[in-house]
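A.B. asks: Here's a structure for you.
No lab work stands behind these numbers, since they all come straight from the coordinates. Note that this is a predicted model, so its numbers are computed, not measured.
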Amino acid sequence: MRPPPANLTLPPWSEQTNAVRTYLAIRDGVPGTAMPAWRMLGDQKIWELVAYITSLASR
Ligand code: HEM
């Protein structure tokens, strides 16, 4: 894939992101990339994913 999926565990991504950006990327997808929208998951599950992804980051 171009661009490839982000490695959410490593800088620079893990240092530059924040909870709202992560939430919006999951809910709406990332235009111009292979990242699809996951709106069908609903608010609760998307925020759970934000918490999980945040916990993976090595800073
Ligand atoms: C529930 C499953 C998924 C979650 C929670 C997820 C989450 C994320 C997040 C948080 C980002 C970072 C966006 C940012 O730059 O701020 C991302 C990026 C990306 N994801 Fe996913 N993703 C999922 C599934 C997928 C799938 C199935 C694909 C490919 C078919 C994909 C392709 C990508 C790509 C290409 C990017 C990089 C976008 C960029 O360069 O900015 N993702 N994803």
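A.B. asks: Pull up all non-local amide H partners of Trp38: gap of 5 or more, or a different chain, and H-to-H distance under 5 Å with H placed in the peptide plane.
C.D. replies: Amide H neighbours of Trp38: Arg27, Asp28, Gly29.
A.B. asks: Whole-Hz Karplus ³J(HN,Hα) for the range 37-46, in order, using 6.51 cos²θ - 1.76 cosθ + 1.60 and θ = phi - 60°, x for Gly and Pro?
C.D. replies: 7, 10, 4, 5, 6, x, 3, 4, 5, 5
A.B. asks: From Cα pairs below 8 angstrom and at least 6 apart in sequence, can you work out the relative contact order of the range 13-56, rounded to a whole percent?
C.D. replies: 35 percent
A.B. asks: Cα-based Rg of the range 13-56 per 2.2 N^0.38 Å, rounded to two decimals?
C.D. replies: With N residues counted in the range 13-56, Rg over 2.2 N^0.38 Å equals 1.09.
A.B. asks: If you don't mind, there's one more thing I want to ask. For the range 2-16, in order, what is each residue's ³J(HN,Hα) by Karplus, 6.51 cos²θ - 1.76 cosθ + 1.60 with θ = phi - 60°, in whole Hz (x at glycine and Pro)?
C.D. replies: Once θ is set to phi - 60°, the couplings for the range 2-16 become 10, x, x, x, 5, 8, 6, 8, 10, x, x, 4, 5, 8, 8 Hz.
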